[in-house]
Amino acid sequence: MSALKQRRLMQGNAACVHGAIYAGLRFYAGYPITPSTEIAEGCARELPKIGGRFIQMEDEIASIAAVVGASISGLKAMTATSGPGFSLMVENIGYAYMTETPCVVINVQRGGPSTGLPTKVSQSDTMQARWGTHGDYTAIAVAPSSVAETITETIRAFNLAERFRTPVTVLLDEVIGHMREMVSLPEPGEYPVVNRVKPTVPPERFVPFEVTENLVSPMPCYNEGYRYNVTGLTHDTMGFATNRSDEIAPKLDKLKYKIERYTDEITKLRVDMMDDAEIAFISYGTVARTALQAISIAREAGVKVGNVQLYTIWPFPDRQIAELCACCRKVIVGELNMGQIVHEVRRVLPHDKQIHTIQRYDGEILTPHQLLQKLDEVL
Amino acid sequence: MSDSAGAPQPASKPAPKSKYDYSKGPLPLNINLQWCKACNICIAFCPTQVFEPDRDGRPVQARPEACTQCTICWTHCPDFAITSNYK
Amino acid sequence: MAVTTTAEKQKSDVILQYLRPRKKFPSVWCAGCGNGIVMGALIRAIDRLGLAKDNVVMVSGIGCTSRLPVYLDFNSLHTAHGRALAFATGAKFAQPHMKVIVITGDGDALAIGGNHFIHACRRNIDITCVLINNYIYGMTGGQGSPTTPPSAYSTTTPYGNSEKPFDPCSLAIAAGATFVGRHTVHHTPQLEKMLIQAIEHRGFSLVEAISNCHTYYGRLNRAGDAVAMIKSFKENAVMLAKAKEMTPEELRGKHVVGVLHEIEKSEFCDEYQLMVDRLKGGQS
């Protein structure tokens with residue numbers, strides 16, 4: 001690694017564009033919405049320079065549709081939006097789940113519901129990233145907590161999308177999207193870039209939604225000789241709509257287990273001071289930054305507290321959370337919403353643990369002072 | 001898949017003379033009875049009334065000699081159940 | 001790209017070469033459904049143009065009409081209700097050399113898909129949109145659509161339609177489409193020729209194919225069976241040149257057919273490429 005890596009003051013949204021292009025983004029279709037618009041603008045400037053394509057569509061629904069169409073055609077594709085736009089997109093995100101199309105959706109979260117707070121932060125779309133669209137499916141969502149992490153998590157999102165043939169949501173809090181920090185831009189080859197597996201059988205023997213060993217079917221690009229049917233109707237392994245129970249259940253099982261089986265590989269956590277912790281903070285995104293400062297102050301005061309930061313929100317890391325909190329008596333879940341991940345924590349931890357929650361939903365971030373106050377109450 | 005020009009006749013009567021000259025080749029059209037849904041379009045739109053419906057409504061080439069290969073039947077069949085044996 | 005074969009060379013069973021090998025036939029459509037007739041005209045048009053199967057993407061939304069691409073041996077993309085043109089824009093823009101054909105219906109394209117319809121026309125993106133208009137929502141059981149005529153019956157207008165329809169061709173022309181034509185399932189040779197023109201045209205082309213839903217529209221409005229409805233299309237079709245001399249009252253209930261609009265304008269993907277070239281030229 002060269003010692004003189006390019007360092008730059010960069011905005012979170014701009015870093016997202018950088019990470020996406022590093023990961024191979026070559027198609028962006030989007031619609032302006034505060035606080036994500038800078039991502040669209042960045043892609044509009046950068047993609048034409050590298051042979052990529054940018055289009056501003058007429059609404060969010062068209063944006064995600066164009067992204068899915070482009071991905072099926074063979075390009076890595078992304079869109080960025082915020083709460084109201086994500087709500088519009090969920091139907092076609094569901095289409096991407098059903099058709100197993102890789103794509104990345106950046107949700108620069110703002111206050112909701114409805115038009116809410118366009119310029120203020122929240123983490124209130126966490127559950128929507130899991131359950132936004134109708135039906136049974138398993139979702140992947142990641143959450144960076146700094147501008148530098150926005151680059152790495154966006155790259156990871158693309159890699160997960162390509163590996164598992166699924167949409168991946170990046171939950172980027174508005175505060176991180178808009179703030180500026182010094183970052184080192186990644187060098188070529190520094191981070192792995194994963195591409196979708198292509199079929200090797202001749203077209204006559206190609207089964208588009210074949211149940212392979214790892215449950216992910218190879219995916220060709222258009223114009224490579226493989227002509228197949230893609231439909232949002234529940235379909236058989238050939239991609240044709242089906243009504244048969246013995247084809248419906250296996251398809252849904254495939255959507256679920258292709259991801260859940262690999263939860264351990266998708267999970268990414270940052271664990272600080274948890275070895276002897278009696279109380280644990282669980283946090284993600286912006287709150288994790290606050291929690292890290294809070295626990296270092298608390299430790300100086302002698303409190304045995306640690307922090308578990310979730311980078312992968314979905315699939316929720318059941319096993320890891322249970323193990324990490326095994327020796328803690330109390331757990332505090334900090335979120336910028338009225339309690340969303342806390343329900344997952346409650347689901348996972350045994351009943352003898354005390355699970356507390358500190359929530360802030362007035363458009364501002366949690367401060368270390370607030371976390372320490374909560375810690376005081378809980379002790 | 002093609003229809004028949006006539007059922008086997010009892011040995012006592014002589015076979016009726018068909019107006020269609022089978023020495024030229026097969027019947028003008030080829031009807032896929034499995035794909036035909038008896039929608040009646042070909043029967044109704046044939047300008048020279050080549051077809052008669054059978055008891056299920058599917059076309060039978062009752063007057064094959066009247067066929068001019070005008071293409072109306074096979075270009076209007078929604079199920080591609082008619083093709084021409086000559087075109 | 002355009003390899004026009006003579007009538008002798010295209011055989012009547014050419015259709016069979018383009019049907020999807022592993023799909024069950026006959027289709028799920030009702031006996032006599034105009035969708036099948038349009039499908040035949042479309043295949044013959046594609047065959048005459050000599051398009052490579054790998055190079056064709058057929059995109060559709062939801063509805064009876066939208067089941068068409070699944071039956072054919074091309075790259076088929078059966079998407080969400082109303083969104084075919086948006087998906088098609090992504091697929092076309094990602095690989096602009098592909099021929100993208102959108103198959104949609106009156107409800108799919110003009111109600112829920114209205115916005116995407118307008119913008120695809122505006123962009124003049126090189127997509128051929130075949131809008132099969134049967135004046136009703138067929139798949140869901142006969143509800144009114146944005147083209148259902150005034151006073152017509154449907155299951156959601158049981159006392160007669162009190163809304164006014166609009167004309168997709170006028171809408172497309174106003175929004176910027178550069179090739180707009182209309183024909184009916186009765187006029188198959190003309191429809192086929194129009195489809196050839198539409199696919200060859202570089203820019204957004206709309207072909208509105210007037211079709212029969214005798215199962216719902218026909219029954220609810222006593223328009224008859226498939227044969228009766230197709231006969232009525234023949235009787236009520238008026239060529240554009242003749243229609244220009246007719247009064248609005250005379251034109252009521254008639255279908256104005258033919259190429260309604262054809263101009264040359266720069267196409268979306270071409271413009272983007274020009275911009276990219278300018279950018280590269282400026283940099284180097």
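Values as computed for the structure displayed
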quantity	calculated
Answer residue from the range A:30-88, given it is among the acidic types (Asp, Glu) and within 14 Å of another protein chain (Cβ to nearest Cβ) and is nearest to residue C:278 (Cα to Cα) among those	A:46
Selection within the range C:164-213 - more than 26 Å from residue C:124 (Cβ to Cβ), surrounded by fewer than 24 Cβ atoms within 10 Å (Cβ to Cβ) and either among the polar types (S, T, N, Q) or within 14 Å of chain B (Cβ to nearest Cβ) (or both)	C:187, C:188, C:189
Within the range C:160-279, strands (runs of 3 or more DSSP E) holding 2 or more residues that are aliphatic (A, V, I, L, M) and free of Cβ contacts under 8 Å to residues at least 40 places away in the same chain	C:237-239
Residues of the range C:124-158 satisfying the condition of being within 21 Å of the chain's Cα centre (by Cα), polar (S, T, N, Q) and not in a loop (DSSP other than H, G, I, E, B)	C:128, C:133, C:143
Evaluation of residue A:98 against (1) closer than 25 Å to residue A:152 by Cβ; (2) aliphatic (A, V, I, L, M); (3) surrounded by fewer than 24 Cβ atoms within 10 Å (Cβ to Cβ) (one fails), failing number	(1)
Residue in the range A:366-374 that is crowded, with 21+ Cβ neighbours inside 10 Å, at positive phi and either in a loop (DSSP other than H, G, I, E, B) or free of Cβ contacts under 8 Å to residues at least 40 places away in the same chain (or both) present	no
Condition check for residue A:69: buried (at least 24 other Cβ atoms within 10 Å of the Cβ), more than 18 Å from the chain's Cα centre (by Cα) and assigned by TED's automatic domain parsing to the domain that holds residue A:16	yes
Top-ranked residue in the range A:258-282 [being surrounded by fewer than 16 Cβ atoms within 10 Å (Cβ to Cβ) and free of Cβ contacts under 8 Å to residues at least 60 places away in the same chain; ranked as nearest to residue A:217 (Cα to Cα)]	A:261
Where residue A:224 falls short, out of the listed (1) more than 14 Å from chain C (Cβ to nearest Cβ); (2) more than 28 Å from residue A:152 (Cβ to Cβ); (3) surrounded by fewer than 16 Cβ atoms within 10 Å (Cβ to Cβ)	(1)
Which listed residue, of A:297, A:355, A:321, A:332, is outside any loop (DSSP other than H, G, I, E, B) and within 27 Å of residue A:164 (Cβ to Cβ)	A:321
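Per-residue answers, yes or no, for (1) of a type in the set (A, V, I, L, M); (2) assigned to a loop (DSSP other than H, G, I, E, B); (3) on the phi < 0 side of the Ramachandran plot:
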{"position": "A:207", "(1), (2), (3)": "yes, yes, yes"}
{"position": "A:212", "(1), (2), (3)": "no, yes, yes"}
{"position": "A:217", "(1), (2), (3)": "no, yes, yes"}
{"position": "A:220", "(1), (2), (3)": "no, yes, yes"}
{"position": "A:257", "(1), (2), (3)": "no, no, yes"}
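Per-residue answers, yes or no, for (1) assigned to a loop (DSSP other than H, G, I, E, B); (2) at pLDDT 95 or above; (3) over 19 Å from the mean Cα position of the chain (by Cα); (4) buried (at least 24 other Cβ atoms within 10 Å of the Cβ):
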position	(1), (2), (3), (4)
C:9	yes, no, yes, no
C:16	no, no, yes, no
C:22	yes, no, yes, no
C:37	no, yes, no, yes
C:41	no, yes, no, yes
C:81	yes, yes, no, no
C:86	no, yes, no, yes
C:96	yes, yes, yes, no
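The values are calculated or read from the model by the stated rules, or taken from the named source; none is laboratory data. Note that the structure is predicted; figures quoted are calculated from it, not measured. In this analysis, Cβ positions are derived from the backbone assuming ideal geometry, glycine residues included, and neighbour counts consider all displayed protein chains.
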